[in-house]
Structure formats: structure tokens, C-alpha cells
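What follows is a single structure, written as C-alpha cells, with notes after it.
The values are calculated or read from the model by the stated rules, or taken from the named source; none is laboratory data. Values in this document were obtained by computation on a predicted structure and should not be read as measured data. Glycine also receives a Cβ, built like all others from the backbone with ideal geometry; neighbour counts cover every protein chain displayed. Side chains are part of the model used for accessible areas, which takes the heavy atoms of the whole protein and leaves out ligands, DNA and RNA. Shrake-Rupley method; radii C 1.70, N 1.55, O 1.52, S 1.80 Å.
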Amino acid sequence: MEDCNRLQCLRVEESRLADPLRTLLDLPKQEKIERGLEHTPREIWQQPDTWRKTYQRCQNQRTELNDVLRRAGIGRGNTSSPTVYLVGAGTSDYSGRALAPLLRRRWSCEVWPIPSTTLLTEFEEFHRPGKEYLWISFSRSGESPEGVALLEQALGRHKEIRHLVITCNQQGPMAQLCLRHADRAFALVLDEAVNDRGLAMTSSFTNMVLAGQCVGHLEDEAQFGEVVAQLSEIGRRFLPAAAEVAEAITLLGCTRTCFVGSGVLRAVADESALKVVELSGGKVTTLAETPLGLRHGPLSSVDGQTLFVAFLSSEARRRSYELDLLREIDRKRLGRVRAVVTARSGEDASSLVDYCLSLDAGRNFPDHYRPVLDVMLSQLIGLFASMRSGLKPDQPSPSGTITRVVAPIKLYS
């Protein structure tokens, strides 16, 4: 990386605000409304506290959730367990992608994330007569036109499919459909506080992911409660540091952002790319890839206007590939500014990047639980990029190109 870039980073670091997220939260209410900052900063900030509440809500409904899994056949073993599809669109799809490896390991059965936008048009490609299926659908509002249409069709035509819907809206059509088909469908409705009012999903994403983790840990809920407490504590420490870095690097005005991650952290990269392009109104173009995948062509897009962010795995083999990519990027002087998030001390990466953010989660902290933490950096990058682009983060699409709930679509049978 060119020396001038490092100097720019240093100058920005010296000029940045102290705890910039806290500064936004402390603005007068009317100013927040006028600048479109009423919801998004608060929804990012509240996340570590809401995770405990989501865990408690899942605990309170443990009997019902266990019944859903038992009826679906989870726990019968590889040969007779159902196939599990994790269904959603956009951020809700990435919720499923962040959960699939964990649930696959916990349940010892086939667990695959499939976008509702794909299932709606290619249903027959993914279902075979005579097989059992459990769909776990994710939807903040429960109003996504693809999600609602797909759930209606499945409930009406395919009695072999059982359903668990994780949503943040008790009154949404998907939750109401579950009430009308209680023999085959159940809605796990999260607290209204995480039914984000801002356009971009932030606390709704991390809480739906955490709820899915809870469902995967019903057999050892007390032990997982300790993990949730740890996540909350780490998240509360991580937010101010992540906000400072996000505010500093967005002041550089990068027009591109590249996110990379392996395993569940690839889902974090996908969600990160979506968050930044949504909140910047498309003024910052984004790319998400795996560390190895980036080298097959997409690396050519990492130019002098690119912010490069890597979510480094705690698993030694994956991390070795990730560090090799960082060395290649450093050797080729690619990117304007580079940042990494790592579960523990990032001594092996710190000399290769401008910003090394450690979660201080301990050497053996599993990647499976990290999505709710790592993604907060990109949420904050999106927030500050939105402001720098002259947009209102709560409504970053003034032309209405995208909306909080996707517009209705024409359905074809």
C-alpha cells in the first residue's frame, strides 16, 4: 500500500470523533428526524442488549420449539431426518447462510440455505415427492411478497413440509399464516424492538441469526445462555471501537468496498456488502467473496479507491488462506485502506492492514457464533457512508428505488 494512503489514514484517525456512534445517539430528537438518524444508529447500538432478550424469548417458548423440531423429525439421525431449508430474501437469506453450518453440525442432517426468490420460481427443482422437509423462514416484517406467496403455496399444496417462521412482526402475514395452520407451522416472533424501523436491517438481522442459534441449541440451552452472555459483553465492548474505525475509513471517500470471509463469515461478507450498498444508495459499489474466490478474477476490482475488509477465521487452515490473501494484497499494493476483524489478537495480520479489530473473544471462540458481532463493523461503515453521501440513513433511497418492505410482485402459477 502506498505511503500516502497510510498517512491519510493517520490524519483521519487524528481528526475523527470520539465514539462517533454515541455522538449520533446524543443528538437532539428533531435533528435526528431531520437528518434521518432517528432509527438506524439506535438499532445498531441496541444489538448487544437485545440478544439477551431474544435468548430469553426462545427459552420461554422452548416447549413449542422442541415440539416443532420433534414433529419435523429433527434428531432421528442422518438416514431418516428431514431436509432442512433456510428460506429468506436479501438480508433474511443471509441469516440462513450464517446459520446453516451450525445447524448442520448440531442436527446431523442436510441443512441448506435457499433464497425464497429462488424457491418461488424453481420449487420443483428442490423438492422430491415422498421426502420430508422442514422450512425455517426468516423475515423481519413477515410481509415480503416472495416469502408470503411461497409460504401460502407450500401450506396449501405440500402437506409434507413443516414450517418454522422467525420474524419480528406479530401482525405480519407470515405470522398470521402460521396461526391459521398451527398443525404444520409455528411463528417464533421476536421482540417488537428489533422490528427495525430503518430501511436497512441491522438489529433484526443479528437477532434472527441469534434466534436460529437458540433453536439449534434447545438441548443445551443453559450452556448456550453463557455464550449469549459472552456475545453481549463482547458486542458492547466492540461497538465503540468499530464505530471509530468505520467513521475514520469512510471519511476517505472510498467508492468501492470489498468484503471477504470463509464459512459462516462468508455470509457476514454478503450481508456487509448489501448493507453498505443499501445505506449508501448505491454510491459505494460493493463486492463479497471468499478469500480464495477473490483471486479468480474479482481481485481486479480492488483498486486505489477500494476499502478492503476481511473477517478472519479462528480455524487455523482457513486463516492460513486468508493471511496469504492479505500478503498478496499487501505485496501488490492493492486497496486504499484495509481492515480486518479477528476473534483474538491479530498479531499475524496487523502488519498487513491499516486497522486490526480484535473481538477479544478468546483463542477457541467458534466462528459459528461470530456473525452477530462481526457484521456490526459493516453496519457502521454503511451508516457513516450514508451520511457522507448526503443521504438520510433511515431512508437512504430518496427516489424510492428500494423500500423497507419490497414492493408487491405479480405472481405466476
| On Cα atoms only, tilt of 145-157 relative to the major axis of the chain in degrees | 20
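How would D394, D19 rank on accessible area, largest to smallest, probe 1.4 Å? Present the calculation step by step, with values, prior to reporting the outcome.
Numbers: D394 5, D19 50 Å².
Largest to smallest exposure gives the sequence D19, D394.
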| Any idea of the accessible area per residue across the range 295-402, 1.4 Å probe, to the nearest Å²? | 40
| query | Roughly what would the spin-label model give for D348 and D19, points 7 Å off Cα along C-beta, in nm? | reply | 3.4
| request: Pop a pseudo-label 7 angstrom from the Cα along the beta-carbon direction at both E132 and Q171 and give the gap in nm to one decimal. | output: 3.8
| said: To test your reading of the geometry: what angle, between 0 and 90 degrees and rounded to tens, separates the Cα axis of helix 116-126 from the longest principal axis of the chain? | reply: 50
| message | How tilted is helix 221-250 with respect to the longest principal axis of the chain? Cα atoms for both, answer in degrees (0 to 90, nearest 10). | response | 40
| query | What 222 nm value per residue comes from the helices of the chain, counting each DSSP H run with n ≥ 4 as -39,500 (n - 2.57) and dividing by all residues, nearest 500 deg cm²/dmol? | reply | -15500 deg cm²/dmol
| query | When the accessible area of the range 48-124 is split by element with a 1.4 Å probe, what percent falls to carbon and sulfur? | reply | 43
| the range 320-383-the range 224-288 distance, computed between alpha-carbon centres (Å) | 11
| Within the accessible area of the range 143-204, what % is carbon and sulfur when the probe is 1.4 Å and the other protein chains stay in place? | 49
| request: Would you mind calculating the gained length between N364 and R333 on full extension (0.36 nm times residue separation, minus the Cα-Cα distance), in nm to one decimal? | output: 8.0 nm
| Residue-normalised accessible area of the range 86-139, expressed per residue, 1.4 Å probe, Å² | 42
| query | Can you flag which of K29/K275; K53/K275; K29/K53; K32/K53; K131/K275 are past 30 Å Cα-Cα? | reply | K131/K275
| remark: accessible surface per residue for the range 195-263, probe 1.4 Å, DNA/RNA/ligands not counted, whole Å² -> 26
| When the accessible area of the range 277-413 is split by element with a 1.4 Å probe, what percent falls to carbon and sulfur? | 50
